[in-house]
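Scroll down for the structure; my scribbles are underneath it.
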Amino acid sequence: MVKFNLAHIPAGSTVTSAELRLYVLNAALRDLASANINVHPISQDWQEAAVTWTQRGGGNWSSSGGSYGSSIGSVAFSSLSSGSWQSFTIPVG
């Protein structure tokens, strides 16, 4: 889970694009060879220090693993290279 503090964006601003970039440190993990990395928007607020598979901090997720929307990006782990960046375009508006 990744959460961003957007307080530095001035009130009334229009965000025209957003991108999530993740660094691939080690793509040689055999246990993940058939896995996909999926990016989903989280639909309930959560607390970093208290989040677990079933808890979001201040209550339960609506389902185990978190409350989230449809995938907005996906990549096969097997297609990644160590020492590279993977980018996901985040829908805005």
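Checking each residue in the range 29-47 for being modelled with pLDDT under 90 and part of a loop (DSSP other than H, G, I, E, B) picks out LEU29, ALA33, SER34, ALA35. Of all residues in the range 29-38, those that are open to solvent by 90 Å² or more (accessible area, probe 1.4 Å) and either in contact with a strand residue (DSSP E or B) (Cβ under 9 Å, 6 or more places away or on another chain) or acidic (Asp, Glu) (or both) total 3. Scanning the range 39-93 for residues that are touching a residue at least 24 places away in the same chain (Cβ under 8 Å), open to solvent by 70 Å² or more (accessible area, probe 1.4 Å) and among the hydrophobic types (A, V, I, L, M, F, W, C) returns a single hit, TRP85. State yes or no: is ALA50 of a type in the set (A, V, I, L, M), part of a loop (DSSP other than H, G, I, E, B), at pLDDT 90 or above and touching a Lys or Arg at 6+ places or on another chain (Cβ under 8 Å)? Criteria met by ALA50.
Among the residues of the range 13-28, write down those that are open to solvent by 80 Å² or more (accessible area, probe 1.4 Å) and in a loop (DSSP other than H, G, I, E, B).
THR14, THR16, SER17, LEU25
The values are calculated or read from the model by the stated rules, or taken from the named source; none is laboratory data. Only a predicted model underlies this, so the values are computations on that prediction, with no experimental measurement involved. Note that each Cβ is placed from the backbone with ideal geometry, even for glycine, and that neighbours are counted across all protein chains shown. Surface accessibility is based on the protein's heavy atoms, side chains included, excluding ligands, DNA and RNA. Shrake-Rupley method; radii C 1.70, N 1.55, O 1.52, S 1.80 Å.
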